[in-house]
Amino acid sequence: MLSRKNKLLLFKLLSLFSVVRGYNILVITLAQYLTSIYILAPDRPLRDVVLDINLFLIVTASALVIASGYIINNFYDAEKDLINKPTKSMLDRLVSQRFKLTTYFILNFLAVFTASYISFRAVLFFSAYIFGIWLYSHKLKRIPFIGNLVSATLAIAPFFVVFVYYRNFETVIFVHAVFLFLLILAREMIKDLENMAGDMAQNYKTIPIIYGPKTSKLLIGLLIVLTLLPAILLIKTFDVGYMYVYFYACILLLALFLVLLGKAESKKHYVWLHNILKFIIVAGVFGILLIDVDLVINRII
């Protein structure tokens, strides 16, 4: 049996894991490696990619910055989350705001320190990334649509840095990026509908609050329709191996999403829509494996 002190420590660790959304960071880390192996450097030996120390440092620095980003976002949204996410908020509050800020600065320092082993340009990139996340959390997220746009841009930044590292400028990569960006942007706008109560209480100027849920839903619907275009292009124009199965499934799910979006009226409905987009994004990480099912086996040698 755990003592009361040990139980409290365990809950605090779970709280910190919840604040930094450790599960999201694990998925992003996996996505960076799979993107490198299957999309950005498909002709390199598997061992060279997996054991590339610079790639490891890029992924590590990205994880540290993302974790610190979740912390500062949680810090600024503490009051809003009490309304929108009461259960999660109570767990997050087991860790003091002071400890969160201390951890935030430590993680950022470690990220820049890690980047310094790559190059000076990496230090500049991750410093700008840290500043961008802080500016978004402190100011930009309160600005309608600009906040959503910046949030989606910050979300794909970890993939951008890997893309720059490998200098692979094939068209198919840009189409993949557009598909992911539009999905994330639509998800960010769905979150605004989901969190209207807390946003109104904290005077956030989001699209559904200023222009109404109907306008917000129309914009989200437009984004989903636009998302279908790169999905169709990736099926019809480019060689994505068996990943075409994933994109066909995406088209069906996005069509279902549009139907449900038209009928959605409550927070419960918006949570379901949010989860559909989240599922598509996470499934896409594992869907990368379908690009070439024999690739890993052939490149181990």
Has the range 55-75 got at least one residue that is surrounded by fewer than 17 Cβ atoms within 10 Å (Cβ to Cβ), within 30 Å of Tyr242 (Cβ to Cβ), of a type outside the set (D, E, K, R) and not assigned by TED's automatic domain parsing to the domain that holds Phe174? yes
Only one of Leu256, Leu233 is among the aliphatic types (A, V, I, L, M) and without any contact (Cβ under 8 Å) to a residue 24 or more places away in the chain, namely Leu256
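Tally time: how many residues in the range 33-73 are in contact with a Lys or Arg (Cβ under 7 Å, 6 or more places away or on another chain) and either farther than 26 Å from Glu170 by Cβ or at pLDDT 90 or above (or both)?
From the range 33-73, those in contact with a Lys or Arg (Cβ under 7 Å, 6 or more places away or on another chain) are 45-46, 70-71; that's our starting set.
Now restrict to residues that are either farther than 26 Å from Glu170 by Cβ or at pLDDT 90 or above (or both): 70-71.
Qualifying residue count for the region: 2.
In the list Leu222, Leu229, Leu185, which residue meets the criterion of being surrounded by 19 or more Cβ atoms within 10 Å (Cβ to Cβ) and either out of contact with any Pro (no Cβ under 9 Å at 6 or more places or on another chain) or not β-branched (Val, Ile, Thr) (or both)? Write out each step before concluding.
Working: Leu222 fails: surrounded by 19 or more Cβ atoms within 10 Å (Cβ to Cβ); Leu229 fails: surrounded by 19 or more Cβ atoms within 10 Å (Cβ to Cβ).
Result: Leu185 is the single residue among Leu222, Leu229, Leu185 that is surrounded by 19 or more Cβ atoms within 10 Å (Cβ to Cβ) and either out of contact with any Pro (no Cβ under 9 Å at 6 or more places or on another chain) or not β-branched (Val, Ile, Thr) (or both).
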Considering every residue within the range 233-253, establish whether at least one is surrounded by 14 or more Cβ atoms within 10 Å (Cβ to Cβ), among the small types (Gly, Ala, Ser) and not in a helix (DSSP H, G or I). no
Across the range 91-141, what is the number of residues that are more than 14 Å from Val20 (Cβ to Cβ), among the charged types (D, E, K, R) and in contact with a Ser or Thr (Cβ under 9 Å, 6 or more places away or on another chain)? 2
Can you confirm whether Leu107 is touching a Phe, Trp or Tyr at 6+ places or on another chain (Cβ under 6 Å), at pLDDT 75 or above and in a helix (DSSP H, G or I)? no
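Quick check on the range 234-254. Is at least one of its residues farther than 30 Å from Val49 by Cβ and aromatic (Phe, Trp, Tyr)? Even if it seems obvious, please write down each step before you answer.
Our first condition is that a residue be farther than 30 Å from Val49 by Cβ; within the range 234-254, this holds for 251-254.
Subset that is aromatic (Phe, Trp, Tyr): none.
There is no residue in the range 234-254 that is farther than 30 Å from Val49 by Cβ and aromatic (Phe, Trp, Tyr).
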When the range 21-54 is checked residue by residue, the ones that are among the hydrophobic types (A, V, I, L, M, F, W, C), assigned to a loop (DSSP other than H, G, I, E, B) and surrounded by 18 or more Cβ atoms within 10 Å (Cβ to Cβ) are Ala41
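Among the residues of the range 188-219 satisfying the criterion of being more than 19 Å from the chain's Cα centre (by Cα) and not in a helix (DSSP H, G or I), which is surrounded by the fewest Cβ atoms within 10 Å (Cβ to Cβ)?
Start the filter on the range 188-219 by keeping residues that are more than 19 Å from the chain's Cα centre (by Cα), which leaves 196-219.
Still in the list and also not in a helix (DSSP H, G or I): 202-206, 211-212.
Values: Gln202: 18, Asn203: 9, Tyr204: 20, Lys205: 12, Thr206: 23, Tyr211: 14, Gly212: 11.
Restricting to residues being more than 19 Å from the chain's Cα centre (by Cα) and not in a helix (DSSP H, G or I), the top hit is Asn203.
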Applying the selection to the range 118-158, what residues are among the polar types (S, T, N, Q) and surrounded by fewer than 17 Cβ atoms within 10 Å (Cβ to Cβ)? Ser119, Ser127, Thr153
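The values are calculated or read from the model by the stated rules, or taken from the named source; none is laboratory data. Computed from a predicted model, the values in this text were never measured in an experiment. Cβ: placed from backbone, ideal geometry, glycine included. Neighbour counts: every protein chain shown.
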